[in-house]
Amino acid sequence: MAAAEAFASPKPLKWWVPLVQGIVAIIVGVLFLTEPGRTAKIAVFALGVYWLVLGVLDLLGLFRDRTAWGWKLFSGIIGILAGGLIVNGFLGGATALDRLLTTVMVGMALATVIGVLGLIYGILLLISGFRGGGAGAIIIGVITVILALIILFRPLATALALPLVIGIWLIIGGIISVILAFSLRGAQA
């Protein structure tokens, strides 16, 4: 294969791939809205399994490729610890209350991460605005900082609202994906 062929446009996306992704996203979004507790528990358990497997793969990857070994070691250990704690919170003789608490704690941890990232982003917007980025950057920066502080000071309320937000986000993304699928189908026909 010639170098020019390697960089040629990739195979066109099959139209049905975003259709299936969109339908699945809509179904999961509806589940988050209609059965938020049960769906959040399943999502948190799946996240725990994912982190656990990813952590093991990161550590095994050290035997194959030693570049960035410190980061791989760190992320592998963190993945195994976080995933292991979540999976243990669901399987290790866990009661319904244990599973609920694990779900809420993971939600609060995600809310805290969202709050910290929002605070950093808001501060960067403010700096950009004051350095000539304009009033828009300052206004959005102030709003972002305020929302981030609300999230940071109310992590439980944020964690409880996450299923609603995720459900709406999945439904909107799913609808966009279905529309994309049909536009791809029309373009490929």
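Bear in mind these aren't lab numbers, they're just calculated from the coordinates by the rules spelled out. Please read these numbers as outputs of a predicted model, since none were measured by experiment. So basically every Cβ, Gly included, is an ideal-geometry build from the backbone, and we count neighbours across all protein chains shown.
The residue among 147, 163, 124 whose Cα reaches farthest toward the positive pole of the charge dipole of segment 16-188, with charges on the beta-carbon of Lys, Arg, Asp and Glu, is 124. The alpha carbons of segment 16-188 occupy a box of 53, 44, 41 Å along the principal axes, longest dimension given first. Listed values for segment 13-25 are Karplus-derived 3J(HN,Hα) couplings in whole Hz (6.51 cos²θ - 1.76 cosθ + 1.60, θ = phi - 60°), namely 5, 5, 4, 7, 5, x, 5, 5, 4, x, 5, 4, 4, and x replaces Gly and Pro. Let me spell out the model: positive unit charges on the Cβ of Lys and Arg, negative unit charges on the Cβ of Asp and Glu, origin at the Cα centre of the chain. What dipole size does that give, in debye rounded to 20? In debye, rounded to 20, the chain gives about 120. Between residue 154 and residue 183, the FRET efficiency estimated from the beta carbon spacing at R0 = 35 angstrom works out to 0.30.
Residue-wise HN-Hα couplings along segment 65-70, as the Karplus relation 6.51 cos²θ - 1.76 cosθ + 1.60 with θ = phi - 60° gives them from phi, are 9, 8, 5, 6, 4, x Hz; Gly and Pro carry x.
Note on segment 93-147: Cα Rg divided by 2.2 N^0.38 Å, N the number of residues, gives 1.71. Rounded to the nearest whole Hz, the Karplus-based 3J(HN,Hα) values (6.51 cos²θ - 1.76 cosθ + 1.60, θ = phi - 60°) of segment 175-189 follow the sequence 5, 4, 5, 5, 4, 4, 4, 6, 6, 5, 4, x, 6, 7, 6, with x at glycine and proline.
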